Amino acid sequence: MDPVLNPFKPGAGQRPPILAGRDALLHDFDIVRRRITELGEGDRSWILTGLRGVGKTVLIGELERVAVNAEWLVAKVEVRKGHGLADELATRLAASLRRAQRRFDPEKLESLLRVFKSFTASLKLGVINLGVEITPAAGYADTGRLSTDLTDLFVALGEAARGLGVGGLILVDELQDATAEEMAAISTAIHQISQTSPMLPLFFVGAGLPSLPSQLATANSYAERLYQYRTLSVLDAANSRAALMQPVIERDAVWDEDALEVAMAAANGYPYFLQEVGKAVWNFADGPRFTVEDAKVGTEIAREEVNAGLYQSRWDRATPAQRELLRALANKGHGEGVMVRELARAMKKPNASVLSVPRDELIKKGLVYAPERGVLAFTVPGFHQFILNQH
Ligand SMILES: Nc1ncnc2c1ncn2[C@@H]1O[C@H](COP(=O)(O)OP(=O)(O)O)[C@@H](O)[C@H]1O
Ligand SMILES: [Mg+2]
């Protein structure tokens, strides 16, 4: 089939042709949107967690799209290690504020702009273009302490949004890579918002790996009650089927039933694999009817793509000691979490604390996480199979 017309979109953050299995979440977000738009009232913020490649970034992008269409004040950032979150957030928010000045009465934005200006000055973020000359607000966001100043900024943002009859939306992807100080500051600010009555229409969505809830809880003791935690998981059979079938039908092609089953079995409901498999089968198939042969060859090609794109580089970056631990985890867990104590025993180590260095390093690299205390699991689905095939 013509690769130019290939509808599938494998790759980090790539919007899939259909967003399968996320209706419930989008429906809930629509309720948040309506409460904010119709009542001017906010709601409890969300933390979205899931393994790599389940669709967190795509979903964040979808929420952004909805909010931008509704003319909300929106800032979406992706945390990058070694880059300040405040800086990134301010830059993104400034872009939204420049757009808002063209659309809304500038007077209704003035006090937010002034607080924004204080925020960037006190945290020494450098000059961020707001599109207007404005003097900083005295006494707001000017302490130089991130948690205090971010709180002032979020409150000002919520108040401005309310005055404009819209909402504010802050989206932070890869939140697990933020520092503890940054996490604490966000939770402090959201805590303040949640105590306004009626709650200010500022909504926060943080997305990250499954370790995120416990990281937030470590940074602030009340984080557990502050957010609504939602897990993004793999797609069930019906949604996997839809993800593979619908985009193909829309381009006048079709899967034979047994071909579809081969593809579904290979992808295992994992959104990123579904896209790789769909793409490879489409490109390999000669005609608009995908046969079981197409599916078999396509899944093989897709597997190589996934190996190269997802696993090989991560494996290459691991040190010998880290690889030894990864191998034991793959052997013992087959994709499930394993007690570190058990890993130590399997590796013939005297005790679990011997493993604490490679364990911590692998967590820092984002390769594994602790689903519970003393347990270790992969953040990347299917990694165990790849490792078991390495010699
Ligand atoms: N709901 C979905 N249905 C089908 N494919 C999806 C869905 N969500 C994400 N994908 C695909 O999965 C891959 C990974 O998505 P991404 O959002 O980058 O995952 P994450 O941020 O969780 O690592 C992309 O190729 C994307 O097109
Ligand atoms: Mg992502």
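The values are calculated or read from the model by the stated rules, or taken from the named source; none is laboratory data. This one's a predicted model, so the numbers in the text were calculated from it and none came from an experiment. Every residue, glycine as well, gets a Cβ built from its backbone with ideal geometry; the counts of neighbours run over all protein chains shown. Note: areas computed on protein heavy atoms with side chains; ligands, DNA, RNA excluded. Shrake-Rupley method; radii C 1.70, N 1.55, O 1.52, S 1.80 Å.
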Quiz item: Out of (1) within 19 Å of the chain's Cα centre (by Cα); (2) open to solvent by 50 Å² or more (accessible area, probe 1.4 Å), what's the single condition that is false for Arg99?
Solution: (1)
Practice problem: Please find, among Gly53, Gly61, the residue that is within 16 Å of ligand 1 (Cβ to nearest atom), among the small types (Gly, Ala, Ser) and part of a helix (DSSP H, G or I). | Solution: Gly61
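Yes/no per residue for (1) touching a strand residue (DSSP E or B) at 6+ places or on another chain (Cβ under 8 Å); (2) at pLDDT 95 or above; (3) within 16 Å of ligand 2 (Cβ to nearest atom):
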| position | (1), (2), (3) |
| --- | --- |
| Leu209 | yes, no, yes |
| Ser214 | no, no, no |
| Glu224 | no, no, no |
| Gln228 | yes, yes, no |
| Thr231 | yes, yes, yes |
| Ala242 | no, yes, no |
| Pro247 | no, yes, no |
Quiz item: In the range 340-374, which residues are modelled with pLDDT under 90 and either farther than 27 Å from Gln312 by Cβ or open to solvent by 50 Å² or more (accessible area, probe 1.4 Å) (or both)?
Solution: Lys364, Lys365, Pro371, Glu372, Arg373
Quiz prompt | Residue selected from the range 216-248 under the condition among the polar types (S, T, N, Q) and free of Cβ contacts under 8 Å to residues at least 40 places away in the same chain, by the criterion farthest from Lys76 (Cα to Cα) | solution = Ser221
Practice problem: Within the range 197-227, work out how many residues are open to solvent by less than 50 Å² (accessible area, probe 1.4 Å) and under 20 Å from the mean Cα position of the chain (by Cα). | Solution: 18
Quiz item: Thr120: open to solvent by 40 Å² or more (accessible area, probe 1.4 Å), part of a helix (DSSP H, G or I) and not assigned by TED's automatic domain parsing to the domain that holds Gly337, yes or no?
Solution: no
Quiz item: Which residues, counting only those in the range 37-54, are open to solvent by less than 50 Å² (accessible area, probe 1.4 Å), more than 14 Å from Glu174 (Cβ to Cβ) and either within 16 Å of ligand 2 (Cβ to nearest atom) or in contact with a strand residue (DSSP E or B) (Cβ under 7 Å, 6 or more places away or on another chain) (or both)?
Solution: Gly42, Asp43, Ser45, Trp46
Quiz item: Are there any pairs with C-beta distances below 6 angstrom linking a residue in the range 61-73 that is closer than 18 Å to Ala90 by Cα to a residue that is open to solvent by 20 Å² or more (accessible area, probe 1.4 Å), with the two at least 6 apart or on different chains, and if so which?
Solution: Glu64/Lys76
Self-check item: Per-region count, the range 54-95, residues more than 12 Å from the chain's Cα centre (by Cα) and within 20 Å of Leu310 (Cβ to Cβ)
Solution: 2
